[in-house]
Amino acid sequence: MMKQYEGFTWEQLIERKKALELKYEGYKEKNFNLDMSRGKPCVEQLNLSNELFKEALSMNFISEDGVDCRNYGGVDGLLEMKKIFAQILDVSVEEIILGDSSSLSMMYGTIEKAFNHGLLNSVPWNKLEKVKFLCPSPGYDRHFAICELFGIEMITVPLNDDGPDMDMVEKLVSEDESIKGIWCTPIYSNPTGITYSDEVVKRFANMKTRAKDFKIFWDVAYIVHHLYSSEEKVLNILSECKKAGNPDRVFIFASTAKISFPGAGVAAMACSVENARHLKKLISVQTIGPNKINHLLHARFFKDVNGVKEHMKKHAEILRPKFEMVIDIFEKNLGSLNIAQWTKPKGGYFISLDVPKGCAKEVVAKAQEAGVKLTAAGATFPYGKDPDDKNIRIAPTFPPIDELKLAMEILCTCIELVVINKILNNRRNCVTISAHSPIFVTPALMSEEVK
Ligand code: PLP
């Protein structure tokens with residue numbers, strides 16, 4: 001195959017388009033049907049934690065510290081499980097609040113409390129004319145959905161390889177009092193897989209904010225989700241905030257959703273003791289306490305942070321080949337064409353794929369037509385609108401590897417087809433100006449809009 005489309009003549013492009021269309025029609029005839037729109041663990045991963053339920057068969061529901069987990073009590077959860085999260089997050093047990101299964105629900109709950117009742121030393125945000133959040137993007141669509149629901153105005157901040165554009169973050173938060181928070185997935189971020197540098201974390205802890213009640217929503221969903229032994233680490237934001245004299249600035253969120261079971265794991269948040277005290281008062285009106293039986297089963301199954309780490313190695317064994325295969329297929333099919341860029345994450349749940357500007361929606365639609373359902377194009381940006389229409393989130397964890405392989409081959413064909421059609425349309429428009437001159441594809445498709 002020729003290198004890049006740059007230099008293809010009109011005839012060569014038409015020929016290539018015909019070949020791709022034939023391939024695409026062949027895929028459609030397979031009646032393939034795969035939903036990879038969300039980052040879900042696969043069956044083999046879920047099976048890793050089945051033994052957790054064995055702990056229930058002992059019929060002993062009394063915790064280490066004598067709590068009968070079957071009964072009411074303990075608004076912030078079971079000590080045994082708090083200890084494990086304290087180790088994972090490198091905070092003290094007093095700084096942990098456990099919830100039920102979903103960390104997203106704890107994030108939502110914190111925003112809801114900020115609006116309706118007020119966070120520590122803060123006027124309820126529903127009393128304010130405007131509340132804005134910074135949204136490093138591409139980011140996690142459900143963070144953005146919470147903002148939309150509460151009418152929080154979202155400001156997109158570019159996400160670089162070492163974290164959000166901190167010059168922009170610092171400038172915005174120092175000038176605008178209505179900017180009350182920021183969403184961060186600082187380790188193996190969703191979807192780009194990047195981890196924030198120490199410098200970025202320190203700048204977050206130290207920056208001057210116009211809003212006194214500015215909060216960082218620090219979602220470390222993938223803190224132990226390494227694919228390789230060269231584990232990435234993110235600096236402890238809570239201790240950095242304390243050092244900087246801003247101990248109440250951050251709420252940290254995590255869960256075992258992708259360690260044990262999504263929807264049936266244990267969620268946790270960490271914050272300053274003062275913040276925790278304030279939140280627990282509010283939470284205690286909402287609930288008498290979370291599911292301590294589940295906390296107990298998890299604590300007994302994992303035992304401590306080392307138990308969690310060993311368990312995550314088994315996840316990595318299952319996931320690494322999937323990630324590597326996706327990257328390999330991209331490399332082979334798109335590598336020389338200069339029509340796409342993708343991340344090569346060392347952990348987490350996603351690969352972020354950029355196609356030429358103005359092509360993502362069409363690629364996703366075309367893939368869906370051939371049976372591959374991807375995350376909606378635009379979902380990784382506030383309001384579901386990718387200003388460049390170029391980012392596609394790939395979630396390689398759930399499908400069996402042979403299905404994933406076919407899905408990615410279909411996707412590559414869709415990308416080529418969409419791009420080639422755009423180029424042909426582009427050239428067709430040029431033809432009226434210069435019918436016989438050779439028309440070249442722009443040399444840097446990735447940086448140009450393919451109109
Ligand atoms: N945070 C991030 C960054 C995620 O990617 C996800 C799930 O995909 C969640 C939170 C959801 O976590 P939970 O199941 O604990 O609500």
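One table, with the values for the structure above:
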quantity	calculated
Lysine-lysine proximity count for the range 1-53, Cα under 22 Å, sequence distance 8 or more or distinct chains	7
The range 48-120-the range 182-206 distance, computed between alpha-carbon centres (Å)	25
Reduced Cα scattering model of the chain, Debye log10 I(q)/I(0), q = 0.06, 0.14 Å⁻¹	-0.30, -1.28
Mean separation of Cα contacts under 8 Å (6+ apart) over length of the chain, as relative contact order %	25
Whole-angstrom Cα spans of the range 214-329 along principal axes, big to small	49, 37, 25
Span-like helix ranges in the chain, DSSP H, alpha carbon extent 27 angstrom or more, Kyte mean at least 0.0	401-431
Residue 199 paired with residue 306, simple spin-label distance in nm, labels 7 Å along Cα-to-beta-carbon	3.7
Farthest toward positive dipole pole in the chain [+1 Lys/Arg, -1 Asp/Glu at C-beta], among 77, 104, 298	104
Computed over the range 62-302: relative contact order in percent, which uses C-alpha pairs under 8 Å that are six or more apart	28
Between the range 340-406 and the range 16-47, the Cα center-to-center distance that results, in Å	12
Positive-end residue, the chain charge dipole about Cα centroid, Cβ charges, pick of 163, 36, 329	36
Simple Cβ-charge dipole of the chain, Lys/Arg +1 and Asp/Glu -1, about Cα centre, in debye nearest 20	360
Per-residue [θ]222 nm for the chain (sum of -39500 (n - 2.57) over DSSP H runs n ≥ 4, rounded to 500)	-13000 deg cm²/dmol
Extreme residue, positive dipole direction of the chain, given options 135, 267, 429 (C-beta unit charges)	429
Dipole in debye (nearest 20) - the range 354-423, about Cα centre, beta carbon charges: Lys, Arg +1; Asp, Glu -1	200
The range 62-302, dipole about Cα centre (Lys/Arg Cβ +1, Asp/Glu Cβ -1), debye to the nearest 20	580
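Read-outs throughout are calculated quantities, based only on the coordinates presented, and are distinct from any laboratory measurement. Since the structure is predicted, the reported quantities are computational estimates derived from the model, not experimental observations. Cβ atoms come from the backbone with ideal geometry, glycine included; neighbour counts cover every protein chain shown.
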